[in-house]
Amino acid sequence: MGFFGQYGRLLLVLIKLKSWRFLFMLIVIAALFSNIYLYDIVDSWMQQRGEKNLVQVGPAEFGDRNIIVGFVPEKLRELNKLKEMIERMTGFDFSSSIEGCDSEEICNEMYFRNLLGRRSGMLSHFVHFGKYRGGASHLICQMSIGSEMHCPFMAYLVRTSQTFFNGTVHEFHSTSVFRLMSKIQLFDEIVGGEMTICKKDANFPVVFPKTIMAQVICVLITLVFYLFVSTMTCIYELKQHGYLQILFRKGLGVLAYWAAIWTITLFEMALFAGVITTAYLVQCISFFSSTQLVDTFVGALLQFCLVAATVLLFSIVTKQLALSGAYCCTYLIIVVAIVLANRMYLAEGPIFVRYILLIMPAGHLAEQLFTGLTNISDNKVDSLMMHVSGGFLALTILFTVYFDFVFKSGNGWRLPCTFYFTSGFWSRPKKQPQEDDKEASAMFEAAQNWWRVLVATKGIKKSFASCMTKNEDALSNFSTKFYQDQITAVVGHNGSGKSILMQILSGERNATAGLATVDKVPITDSLTRYHMCSSIGYCPQHDGLVDRLSVSDTIKLAVLSTGKSWDREENKVRHILSSLGIESKIEESIQNLSYSEKRKVSVTIALIGQPRVVLLDDPSRDMDYISKRRLWQLLHEFKIGHSVIVSTLFINEAEAVADRIVFLSGGRVLCAGSPFFFKRAFDCRFIIQIASKTEFHVPYIIRKITSKFNSVRVRSFSNADVEFEVSVMDDSILSPVTAEIEKLAKLIDEYGIVHHSLDDVFSKLKSIPPKEVDRHFEMGTIGYVADDVDRIKALMKKKPVDPPDTPGKVKRMPSLLRTIFAMLVSSVLQTFRSKVRIVTRIAMPLFLVALIALGAFLERGKKNDNISLWVNLSDTSQVEESTRRGICMYPLSENVANHFDALNKKDCSSMLTSDALSENVVPMELLIEKYPRGNLQAALLAPKNLKKSKTCKNSKVVCPIIFGNDFCPDRKPIPTYTKNHTISVGAYIPTSNYTPTYFVATAIKVYGHLLNVMIKKIYKDSSMDTKMLIVVEGIQDMRGTFFQFYGLFVLVTFISVVPVIFLDDVMTKRAACGTN
């Protein structure tokens, strides 16, 4: 019934506490399905960065994203033709995106206004028709990373708008510009299933890994958030007021506690792993095999459990929920940074860096999911991830349980670091013989011979110190004994050390020095105290209860913690509740109870399990008189066979209830004994007040009383009043003194007897320093502190401060700089006084700024600082090497003999390298590939075609490709290309150092060659000069590069510093509230 009973009850309690917090799982589930809607976002982002494998710009894409400014002095026809071409290809009105101007100054103003203040995502181009001699036009393209294909498409439109033959513009029916990157991963082993985006999108092998990266970042953020708001808050709710530590000290098993937490956590993580596997299955139906999905599930489960284990570890490191949240945020930042680094920077980096980053396996979640789904592994690190994750998960769980025993913010045992290898942890301690130290002295009542010592303390000392303050002793050489079958009341004013004593005896705090034993077993040693958990019941000063639990759940869990079943203990518990008057509240929630009722529940928990020693720290707080009487009556019943130790501020309660009283002042025991002994020790004397009829009778009355009774002393007299005092030790003479006063009735108007109670003396001691109280006990004048006259005389003896003879110098107000400097010094001192401030104001900002610096260093390694603002794209010399090799692709025609689509190397070479057809042209390394009819993606990404395309890898920059569905003109009186001809011009990028400028220049040159060759082929007239000059220049999109990157840097820097300062304020206030 021990382990399994505790485990089952804890499981129910945790589920009840989490209750509505389970709804936060929906946020995690949304993030787990984010791969479906993140794919398009990542695809667009990669296109902007120029990282997509295959990027294609056709009429529709061009019409959506471009604005054209045309300078048309006497060239309105070309601008209109350009507008008609775009509208025919796109199918919608392009009037709002094309602007004409007749002044160069106005055109420049319009263009730069569009360039800098353009609409989001739009590109601006400027065309000056007929600017140069010979009718050549000037085109300025705006080039943005990932959108460079728009420039050669624009150049094609401008060039084509000037090709007039017999009033007809000769253009292709459809054309596009594409770019094919060499970094492509073909999923040859998993291609299959339905025609989903995973199969039909040519960029899926490139976009999918980045989609997993973005999805993993969302999942990690929401997962840590869920674990914090659901599991962590429940754990801290149990720990907040010490309820969980009380249960551990009553005998609750640490393994049962963690088993219950991990049962729920494992179920949640398995659910999340199943959801993310389902998300991939839904996104790509029948695309991934069952083995790959199982590997993905197992890998995700291990990684999710590892994240959960790390977050749970933070619940052991600190007692503050806010600081634990700061640790979670820091961990999340590190993990997300590693996820980004693995995919963005370290994919081709040194392998040893990846091995070093294995110390944070959760940062490799994206790589592990990708490897599990595709069976593609870039290096040995990815293949090790499953084993590394499992190993780190086991280590994290073991360290969590270990630190739970060691850290003071854990379960409260605070065992030594080597406890696991110590025999005292595995075997019960033996009783130690103790010296029979006698307490007898003037201020300590001697114990009776038949009293049995159950708790003994000797030289207990507790000091508190910090780097900025001296040691302060809360307890100083505390030595006393507590006996069986007795209620011992520890009495003292605020700050006297009562609660510290209770905490040391209960094990909540460790003593700085000294020894305390329970039944001759030392409890100041943490290892022996671990085995004495069932012998001590403890009710702390502040109720250690959980508001959202019911009284029944709270008490049942306490009963099971003692190792006993509820069925056997139910009657005993109900008797305690009935005695305290709260049996009817057993099904009520704790938060609905009054302060008095909560206090009674705390007392009940302390009495559960019949502990040998019961420690009650101010148990009657917030109780009314009847409730206090019930409590004292219950304790008198319970004390048989036990020792009940009660701390209280009220000595009258101790006098009425306790068998023995211990008086604490300034951390020292000044007096100990029975209530009657205390009256004598405190000199609770009797005051006889007499009012004589005249002042002349006073001397006679004094002489008459003092001469007959030697123990009666004159206390004071004035006018006709006189006061006598009688010690409490001589209370037997009160009756004779009264009789003597009655004989003097003719001289007396009235008389009375006043007795100074313990409470009168005790209440006056509150305003006296502890050292003065000690001096009063030594001098025997403790009884006089109850006299207000003496107190007034003491105040009157204080000399007033004489005013100075000369006025002092008037201090000037400090300057602004001095004020700021003083505030700075004060802030620095406050920072170093608190660990929380050191972490939030110094450590976290430095760490975040270091991450920014590391990112800037890695970004600089990409050589992105060499940005050229203006570039000449018509300089053919820079692309001469690129256009001396290439690929021509076309469909296989059934009538090859009578159709032009059967290209030869000569024609292909002319289209790629030269505007003139010549028999002497010798193409270099040209490939002519015949492919079945299909779309551009199918043609380019067919495995055998892609393999041949990679033979262009020897090219230094780009390798041009021409793709046409039909290279034969329509047979008409005047052949045209306007029926069904589709031509695509692009390039294969074989190098990792991709430069958009070379690609654009190459595409523009190939477009020009192709257009001239096709027109000459139609008219078969080499003398016809169809070459139309166009000068193209490109301007970089500074708005999309410089401003965004540096704005992002400033934003991240701001986010790095401001929130941690705010978090510092929140945690400081929370710590202050917790201290108060």
Inset, instruction - Work out from phi, with θ = phi - 60° and the Karplus expression 6.51 cos²θ - 1.76 cosθ + 1.60, the ³J(HN,Hα) of each residue of the range 322-330, listed in order in whole Hz, and give x for Gly and Pro. - result: 5, 5, 4, x, 5, 4, 4, 5, 4
Inset, instruction - Please give, to one decimal in nm, the separation of the simple spin-label points placed at T422 and E87, each 7 Å out from Cα toward the Cβ. - result: 9.1
Inset, instruction - Whole number in Å², please: accessible area per residue of the range 682-783, 1.4 Å probe, ligands, DNA and RNA not counted. - result: 55
Inset, instruction - Starting from the Kirkwood radius over alpha-carbon pairs of the range 682-783, derive D by Stokes-Einstein at 20 °C in a medium of 1.002 mPa s and give it in µm² s⁻¹. - result: 145
Legend entry - Other-chain or far-sequence residues with amide H under 5 Å of T524's (modelled H): A516
Legend entry - Overall Cα dimensions of the range 227-382, principal axis frame, Å, largest first: 54, 34, 22
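When all alpha-carbon pairs of the range 452-678 are counted, what percent fall beyond 20 Å?
59
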Legend entry - Residues with amide H under 5 Å from that of I67, placed H, sequence gap 5 or more: L123, S124, H125
Inset, instruction - Could you please report the charge total around I651, scoring K, R as +1 and D, E as -1 over all other residues with beta-carbon less than 15 angstrom from its beta-carbon? - result: 0
Legend entry - Accessible area per residue, Å², the range 537-624 with all protein chains present, probe 1.4 Å: 36
Legend entry - Karplus-derived HN-Hα couplings along the range 54-68 (A = 6.51, B = -1.76, C = 1.60, θ = phi - 60°), whole Hz, x at Gly and Pro: 10, 10, 10, 10, x, x, 5, 5, 5, x, 7, 10, 10, 10, 10
Inset, instruction - Enumerate the calculated ³J(HN,Hα) couplings along the range 535-544 in order (Karplus 6.51 cos²θ - 1.76 cosθ + 1.60, θ = phi - 60°), each rounded to whole Hz, writing x wherever the residue is Gly or Pro. - result: 8, 10, x, 9, 10, x, 5, 9, 4, x
Legend entry - Fraction of accessible area attributable to carbon and sulfur, the range 452-678 (%, probe 1.4 Å): 46
Inset, instruction - Could you check how much of the accessible area of the range 682-783 is carbon and sulfur, as a whole percent, using a 1.4 Å probe? - result: 52
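The values are calculated or read from the model by the stated rules, or taken from the named source; none is laboratory data. Since the structure is predicted, the reported quantities are computational estimates derived from the model, not experimental observations. Heads up, the Cβs are rebuilt from the backbone with ideal geometry, glycines too, and the neighbour counts pull from every protein chain shown. The protein model used for the area step is the full one, side chains on, heavy atoms only, and it has no ligands, DNA or RNA in it. Shrake-Rupley method; radii C 1.70, N 1.55, O 1.52, S 1.80 Å.
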